[in-house]
Amino acid sequence: MTRKIFIPERLRRQVQERAQGRCEYCLIHESDMYYPHEPDHVIAEKHGGPASLENLAWSCFYCNRFKGSDLASIDPNSQKVVILFHPREQRWKRHFRLNGALIEGITSSGRATVTLLHMNDSERVAYRLGLIEISHYPSQ
């Protein structure tokens, strides 16, 4: 049984404002999504991660569900276990780049994160492409 994690509204707003309403993994803005964005424990509570501003990232429904409580995954290039992208400790542009509507991992951490979070599933790419066409998604 999954336990509902309580995050105070004030803390939720701080996480949302810091991210300017964008998913800190795939960069999609919450106003462009059907499901609301939510705080993600970068280090899950079950691994000792606190519900604190320093450990929370603003995440879209899809990135948060695919990430779950994972801290690491497999880099598809090297086949080695690597730590996932950590939005509080790492810069997005250091680990990813946009190629149209595709999100490309440019480090082992970036590649593992793109793969685990299914960032380039065809439906997600098509949706981002539509958002790019109406200037609602970042460009290169």
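The values are calculated or read from the model by the stated rules, or taken from the named source; none is laboratory data. Quick caveat: nothing in here was measured; it's all calculated off a predicted structure. Neighbour counts run over all protein chains shown; Cβ positions are idealised from the backbone, glycine included. For accessibility, only protein heavy atoms count, side chains too; no ligands or nucleic acids. Shrake-Rupley method; radii C 1.70, N 1.55, O 1.52, S 1.80 Å.
Of note:
- Residue list for region 7-26, filter: of a type in the set (A, V, I, L, M), in contact with a Pro (Cβ under 6 Å, 6 or more places away or on another chain) and surrounded by 19 or more Cβ atoms within 10 Å (Cβ to Cβ): 15
- Within region 105-140, being in a loop (DSSP other than H, G, I, E, B) and surrounded by fewer than 20 Cβ atoms within 10 Å (Cβ to Cβ) holds for 106, 107, 118, 120, 121, 134, 135, 136, 138, 139, 140.
- Top-ranked residue of region 72-88 - restricted to ones that are closer than 14 Å to residue 43 by Cα and of a type in the set (A, V, I, L, M, F, W, C), ranked as most open to solvent (accessible area, probe 1.4 Å): 83
- The single condition among (1) more than 21 Å from residue 12 (Cβ to Cβ); (2) touching a Pro at 6+ places or on another chain (Cβ under 8 Å) that residue 59 does not satisfy is (1).
- Filtering region 35-64 to residues that are surrounded by fewer than 18 Cβ atoms within 10 Å (Cβ to Cβ) and within 10 Å of the chain's Cα centre (by Cα) leaves only 61.
- Residue 31, sole failed condition from (1) assigned to a helix (DSSP H, G or I); (2) under 22 Å from residue 95 (Cα atoms); (3) open to solvent by 60 Å² or more (accessible area, probe 1.4 Å): (2)
- Subset tally (residues that are under 26 Å from residue 106 (Cα atoms), of a type in the set (Asp, Glu) and without any contact (Cβ under 8 Å) to a residue 60 or more places away in the chain) for region 1-37: 1
- Only a single item in (1) assigned to a helix (DSSP H, G or I); (2) within 20 Å of residue 120 (Cβ to Cβ); (3) acidic (Asp, Glu) is not met by residue 24, and it is number (1).
- Filter result (outside any helix (DSSP H, G or I), open to solvent by 70 Å² or more (accessible area, probe 1.4 Å) and touching a residue at least 12 places away in the same chain (Cβ under 8 Å)) within region 89-101: 97, 99
- Residue match in region 39-58 (condition: assigned to a strand (DSSP E or B) and charged (D, E, K, R)): yes
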